[in-house]
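The values are calculated or read from the model by the stated rules, or taken from the named source; none is laboratory data. Note that the coordinates shown come from a computational prediction; the quantities given were computed from them, not determined experimentally. No Cβ is skipped: glycine too gets one built from the backbone with ideal geometry, and neighbour counts run over all protein chains shown.
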Amino acid sequence: MKRIRAASVQLNHRPGDKAENLATITRFAESAARSQVDLLVFPEMCITGYWHVRKLSRRDIERLAEPVPSGPSVELLVSLSSRFDMTIGAGLIEQGDDGRLYNAYAVAMPDGRVARHRKLHCFISPHMSSGNAYTVFDIPQGARVGVLTCYDNNLVENVRITALRGAEVLLAPHQTGGCSTPSPRCMGLIDPSLWEAREKDPDAIEAELYGPKGRGWLMHWLPSRAHDNGLFLVFSNGVGPDDGEVRTGNAMIIDPYGDILAETWKAREEIVTADLDPAVLERCTGTRWISTRRPELYGPLAQRTGNETDVRDSRFDFGSETTDG
């Protein structure tokens with residue numbers, strides 16, 4: 001891996017307004033280029049919008065969806081990538097060539113290539129399918145990169161497999177925080193009026209973004225994904241209103257020891273930037289641990305226990321609408 005400059009954006013998308021969301025992405029790309037960023041990461045489904053999709057009919061979702069990589073949104077990402085010599089990732093709804101709809105994440109590279117990740121644990125709509133493949137690839141700037149979208153990162157097996165496939169940097173686009181969930185000590189809803197009053201009273205809303213409904217929840221698990229697998233992690237998230245909920249932002253970049261290189265908990269759209277030093281990867285804890293694995297013992301990980309649950313049943317099983325990614 002070469003030394004690269006990474007940036008993560010927290011973005012407040014407009015539901016269904018792809019033109020406006022792409023304009024925001026373009027503005028951040030221009031800003032990142034001025035800071036000589038090599039790798040720019042935007043949130044899950046930030047091009048199409050996220051939480052409102054749960055209410056849409058299949059026909060309405062199909063109107064938002066595009067093929068990847070030939071659709072106009074990804075073509076714009078490719079154009080920006082070439083223009084700024086920058087690898088750029090952003091999320092959208094994909095109309096697959098198999099006729100299915102996917103929560104997809106497209107990574108455009110300045111050499112014209114596009115990597116696509118289909119979220120492995122998609123629950124936003126019964127009209128959308130989950131992907132069945134891991135996504136690991138080399139970027140022209142000199143790093144091996146993996147992608148896992150929101151809930152994908154919650155399962156430790158997904159991050160470990162991504163690391164075993166050689167990922168040095170994990171892109172972790174999300175739409176999370178400020179959610180009602182089945183777990184009584186996990187996140188919780190944020191009063192939208194606090195966001196609306198953010199200019200007069202920024203401390204009140206930022207206490208929520210920093211606290212157990214946002215950053216506090218992430219700190220229970222997110223740094224360990226980087227630490228235990230010996231990789232850099234770039235966390236990008238929505239921020240602000242998302243169809244009745246308030247996303248908590250907390251854009252951050254984490255190193256292979258689980259230390260935070262850059263972060264924000266500001267109640268606004270923002271970009272954070274950090275240099276990823278490959279020397280940190282050398283003999284880091286996670287890499288050493290992985291090297292001492294005993295795969296012959298791990299067969300039970302690939303066997304069903306009988307307790308497996310569909311992700312939608314798990315996320316919506318207590319009588320109200322919930323999300324954590």
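Brief remarks follow.
- Those strands (runs of 3 or more DSSP E) lying entirely in the stretch 159-266 with at least 3 residues without any contact (Cβ under 8 Å) to a residue 60 or more places away in the chain: 260-263
- Some residue of the stretch 75-90 being crowded, with 23+ Cβ neighbours inside 10 Å, among the hydrophobic types (A, V, I, L, M, F, W, C) and more than 25 Å from I4 (Cα to Cα): no
- Answer residue from the stretch 269-325, given it is within 30 Å of T26 (Cβ to Cβ) and at pLDDT below 95 and is farthest from the chain's Cα centre (by Cα) among those: T323
- Where a residue in the stretch 287-315 is within 22 Å of P182 (Cα to Cα) and its partner, wherever it lies, is among the polar types (S, T, N, Q) and at pLDDT 90 or above, with Cβ under 8 Å and at least six apart: V311/S130
- Restricted to the stretch 91-123, and to residues there that are surrounded by 20 or more Cβ atoms within 10 Å (Cβ to Cβ), in contact with a Phe, Trp or Tyr (Cβ under 6 Å, 6 or more places away or on another chain) and small (G, A, S), the residue that is nearest to I4 (Cα to Cα) is A115.
- Restricting attention to the stretch 276-293, the residues being among the acidic types (D, E) and exposed (fewer than 13 other Cβ atoms within 10 Å of the Cβ) number 1.
- In the set (1) surrounded by fewer than 24 Cβ atoms within 10 Å (Cβ to Cβ); (2) farther than 30 Å from L56 by Cβ, N229 fails one condition alone, (1).
- Unmet requirement for V136, which otherwise passes all of (1) without any contact (Cβ under 8 Å) to a residue 60 or more places away in the chain; (2) part of a strand (DSSP E or B); (3) more than 15 Å from the chain's Cα centre (by Cα): (3)
- Of the helices (runs of 4 or more DSSP H) entirely within the stretch 2-90, those holding at least 2 residues that are in contact (Cβ under 8 Å) with a residue 24 or more places away in the chain and touching a Lys or Arg at 6+ places or on another chain (Cβ under 9 Å) occupy 18-34, 72-84.
- Residue in the stretch 249-263 that is at positive phi and among the polar types (S, T, N, Q) present: yes
- Filtered residues of the stretch 248-284 (kept if farther than 27 Å from D201 by Cα and either among the aromatic types (F, W, Y) or in contact with a Pro (Cβ under 6 Å, 6 or more places away or on another chain) (or both)): I254, Y257, G258, V280, L281, C284
- Failed criterion for G238 (all others in (1) small (G, A, S); (2) surrounded by fewer than 14 Cβ atoms within 10 Å (Cβ to Cβ); (3) under 24 Å from L171 (Cβ atoms); (4) within 21 Å of the chain's Cα centre (by Cα) hold): (2)
- Counted residues, the stretch 177-215 - those being under 28 Å from I161 (Cβ atoms), at pLDDT 95 or above and either out of contact with any Lys or Arg (no Cβ under 7 Å at 6 or more places or on another chain) or of a type in the set (F, W, Y) (or both): 2
- Among the residues of the stretch 180-214, those identified as closer than 20 Å to D152 by Cα and either among the acidic types (D, E) or surrounded by 22 or more Cβ atoms within 10 Å (Cβ to Cβ) (or both) are M187, G214.
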